[in-house]
Amino acid sequence: MKSDIDRIYLIDRFLKGELSGLTLDEFKSRMRTNSEFALEVESQRAIIEGIKLARKQHLISILNGEKAPGIIAHVEQSFENTEKTIEQVIPNFKEKEQIETKEYKLKPNFNDWYLSVAAVLLAGLLLYFVFGYYIPHQKLEMANIDSTTTAKPEENLATTPESKPDVAVNPSLKDTSKTENDSLEKPLLAQGGDSMKVENDKKLFQTMYSVAAFETITPEGSDNNSNVSIGGTGNDLKVNNLRKVKGSTVKVEYWQSVVGFKGYKLSNTKLQLFDMKPEEKVSLKYLDKQLYLKKNGSYYKLNASGNFESYQKENNIELIKSLESN
Amino acid sequence: MFGIGFNSDNDIVNEIKRGNEKALVTLYKQNLNAIKKFVLNNSGTIDEAQDVMQETLIAVWQNVAKPEFLLNVKLSTYVFSIAKNQWYKQLKKKTRFKVVDVAMTENIRADEAPMLMYDTKIVSDYVNKLDETCRRLLMYFYFDGLDMNTIAEQMGFANSDTVKSKKYQCFKKLETSIKEHFGKDDFI
């Protein structure tokens with residue numbers, strides 16, 4: 001075996017051109033005289049050429065970004081300090097521009113796929129918040145504000161003389177609807193911020209009434225109050241058995257209920273009338289500090305409870321006579 | 001040194017002498033633009049530039065790996081000079097440029113290439129079928145031209161004698177498989 005090793009090594013040196021002088025002459029002489037040795041030399045030359053071709057193809061595959069089987073992995077282990085794999089550094093030659101781009105330009109790194117997924121989810125959540133909640137919510141609020149500020153009384157009702165209510169004493173027709181802010185006009189928003197729009201009661205008209213007030217005269221201090229005594233300050237004007245006292249101003253609003261409510265709501269100086277049109281002739285009168293509404297010849301007692309109440313027709317004949325007497 | 005790449009020509013040369021194929025990659029990156037531009041500006045195509053680039057780097061690899069190699073100029077200058085020679089050779093092979101240099105053309109003789117006993121491609125296929133150690137050892141020795149000591153250091157053998165013995169075993173294994181493939185009568 002030792003001789004075989006030496007013989008092959010000698011042939012290697014000959015093929016590399018490393019032999020010279022006497023050694024080279026002896027080698028050539030042996031080739032000429034020993035055909036088997038000459039054949040061995042040629043065989044070795046052919047095999048070496050094949051080894052070179054394999055190595056060359058391997059290196060070319062590296063340059064082309066192809067991983068030759070087995071070799072690269074071992075090289076990577078041998079050179080532990082190397083950071084990048086050859087495949088990462090050298091793609092195909094024709095993709096040269098991409099190589100330069102990889103070196104000098106920053107590009108998103110999608111190797112960390114979970115970060116990309118998290119970013120997409122976050123963006124989706126943000127879009128949902130903006131377009132699915134915030135903007136619709138804002139639109140709804142804007143719509144509600146608009147409905148409040150633009151809820152104007154119908155102009156024909158507010159300006160035509162026929163539409164003026166039949167009031168007892170010179171109603172001062174002041175349209176203050178634009179400056180009023182009534183809780184009834186606020187929308188009934190569904191909780192949770194959804195986009196359901198609730199229709200509101202609609203205020204048709206409002207005005208200020210100076211309501212006359214009367215007081216029943218008690219027998220004490222006056223033997224007969226059947227006659228009217230006009231004079232004095234006016235605050236104690238006597239009409240039959242009644243006397244006129246200082247009235248008050250009442251703000252009257254005409255509302256259209258979306259649920260068909262028929263009734264009223266009376267607080268101290270504010271009266272809201274439902275299911276009653278501004279053009280209908282109504283009048284108001286205080287009798288013994290009780291407010292009465294007259295409509296179509298009928299009187300209705302209005303309780304200042306501050307709650308929604310239905311119209312209650314007054315059937316007391318004596319009371320009606322007293323109301324009718326002035 | 002490798003952690004931050006090959007910063008100097010000496011680094012690259014040393015790594016090539018060690019058989020580190022990643023030095024080849026660095027050479028590719030450093031010289032790609034210049035060689036490509038040169039070939040394209042001299043009637044070449046992108047494919048031809050690729051061929052020149054490959055042949056150039058293979059030649060540089062083999063030359064630098066030789067123990068006697070000494071770099072006297074910038075490595076890029078050396079690479080570019082080889083690339084120019086490679087391209088001029090290819091130009092002369094192209095029919096439309098065959099009367100570029102009559103003197104040099106006359107020197108090229110078809111019978112210069114020796115007739116080989118075996119088909120080189122088939123031999124290379126058998127080389128690739130060898131185990132990794134044998135394949136690398138034979139490539140380092142016959143193509144890269146690494147000496148026994150360098151191979152021993154690179155591949156983790158005890159010494160050069162071990163490499164020499166192992167190299168013999170690998171070579172005989174390859175030779176046996178090739179002869180089995182061709183048979184004695186199939187020699188070219």
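The values are calculated or read from the model by the stated rules, or taken from the named source; none is laboratory data. Predicted, not measured: the structure shown is a model, and the values here were computed from it. Cβ: placed from backbone, ideal geometry, glycine included. Neighbour counts: every protein chain shown.
Every residue in region B:52-74 that is out of contact with any Gly (no Cβ under 9 Å at 6 or more places or on another chain), within 11 Å of chain A (Cβ to nearest Cβ) and surrounded by fewer than 18 Cβ atoms within 10 Å (Cβ to Cβ), please.
Across region B:52-74, the qualifying residue is only B:Ala59.
Identify all residues within region B:129-188 that are closer than 27 Å to B:Phe69 by Cα, exposed (fewer than 14 other Cβ atoms within 10 Å of the Cβ) and either in the same structural domain as B:Phe69 (by TED's automatic domain parsing) or of a type in the set (Asp, Glu) (or both); write none if there are none.
Of everything in region B:129-188, just one residue is closer than 27 Å to B:Phe69 by Cα, exposed (fewer than 14 other Cβ atoms within 10 Å of the Cβ) and either in the same structural domain as B:Phe69 (by TED's automatic domain parsing) or of a type in the set (Asp, Glu) (or both), namely B:Asp161.
Tell me which residues, restricted to region B:14-23, are in a helix (DSSP H, G or I) and either modelled with pLDDT of 90 or more or surrounded by fewer than 21 Cβ atoms within 10 Å (Cβ to Cβ) (or both).
Within region B:14-23, B:Asn14, B:Lys17 qualify.
Going through region B:123-155 one residue at a time, which ones are facing chain A (nearest Cβ under 7 Å) and hydrophobic (A, V, I, L, M, F, W, C)?
Listed by number, the residues that qualify are B:Val123, B:Val127, B:Leu138, B:Met139, B:Phe143.
For region A:24-43, state whether one or more residues are closer than 23 Å to B:Ile178 by Cβ, assigned to a helix (DSSP H, G or I), within 8 Å of chain B (Cβ to nearest Cβ) and in contact (Cβ under 8 Å) with a residue 24 or more places away in the chain.
no
With the checklist (1) more than 17 Å from A:Ile60 (Cβ to Cβ); (2) among the aliphatic types (A, V, I, L, M); (3) at the interface with another protein chain (Cβ under 10 Å from one of its Cβ atoms) in hand, flag the one item B:Ile12 doesn't pass.
(3)
What about A:Leu204, is it among the aliphatic types (A, V, I, L, M), modelled with pLDDT of 50 or more and either over 18 Å from A:Tyr292 (Cβ atoms) or in a loop (DSSP other than H, G, I, E, B) (or both)?
Considered against the rule, which asks whether it is among the aliphatic types (A, V, I, L, M), modelled with pLDDT of 50 or more and either over 18 Å from A:Tyr292 (Cβ atoms) or in a loop (DSSP other than H, G, I, E, B) (or both), A:Leu204 comes out as yes.
When B:Asp125 is evaluated against the numbered criteria (1) touching an Asp or Glu at 6+ places or on another chain (Cβ under 8 Å); (2) at pLDDT 85 or above, which criterion, by number, is the only one it fails?
The single condition B:Asp125 does not satisfy is (1).
crowded, with 17+ Cβ neighbours inside 10 Å and over 21 Å from A:Glu253 (Cβ atoms), is that true of A:Leu287?
It is true that A:Leu287 is crowded, with 17+ Cβ neighbours inside 10 Å and over 21 Å from A:Glu253 (Cβ atoms).
Please enumerate the residues belonging to region A:254-265 that are hydrophobic (A, V, I, L, M, F, W, C) and crowded, with 21+ Cβ neighbours inside 10 Å.
Scanning region A:254-265 gives a single hit, A:Trp255.
Test A:Ile5 against the stated conditions and say whether it is within 60 Å of the chain's Cα centre (by Cα) and either facing chain B (nearest Cβ under 7 Å) or modelled with pLDDT of 90 or more (or both).
In short, no.
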